[in-house]
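Coordinate-derived values only; no laboratory data. All values reported here derive from a predicted model rather than from experimental measurement. Here Cβ is always computed from backbone atoms with ideal geometry, including for glycine, and neighbour counts include all displayed protein chains.
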Amino acid sequence: MSKILECSKVDPSSGCQYVVRGNTEEEVLQNAAVHAQQHGIRQMTPELMQRVKQNIHDE
């Protein structure tokens with residue numbers, strides 16, 4: 001079962017409706033890092049990583 005991460009769940013104030021998808025949590029994390037660059041995020045802080053991981057769920 002694939003996994004998803006809704007950008008708006010990580011940062012509701014962004015208004016971003018992008019959905020990151022992957023077959024594994026690791027793949028979602030890699031894809032999320034690429035998407036984060038569109039928001040000007042170049043490095044994941046521990047706090048941001050925690051919010052991301054908490055919001056990954058099965059599709």
message: Using helices alone, I'd like the mean residue ellipticity at 222 nm for the chain: each DSSP H run of four-plus residues gives -39500 (n - 2.57), total over residue count, nearest 500.
response: -11500 deg cm²/dmol
task: Determine the dipole magnitude for the chain: charges of +1 sit on the beta-carbon of Lys and Arg, -1 on that of Asp and Glu, nothing else is charged, the reference point is the Cα centre, and the result goes in debye to the nearest 20.
output: 160 debye
- prompt: Counting Lys and Arg as +1 and Asp and Glu as -1, what is the net charge of the other residues whose Cβ lies under 12 Å from the Cβ of Val28?
  reply: -3
task: Based on the mean of other Cβ atoms within 10 Å per residue, sort peptides 35-47, 9-21 so the most packed one is first.
output: 9-21, 35-47
task: Measure nothing fancy, just the Cα-based angle from helix 25-36's long axis to the longest principal axis of the chain, in degrees from 0 to 90, nearest 10.
output: 30 degrees
task: Mind pulling up the Rg/Rh value for the chain? Radius of gyration and Kirkwood radius, both on Cα.
output: 0.92
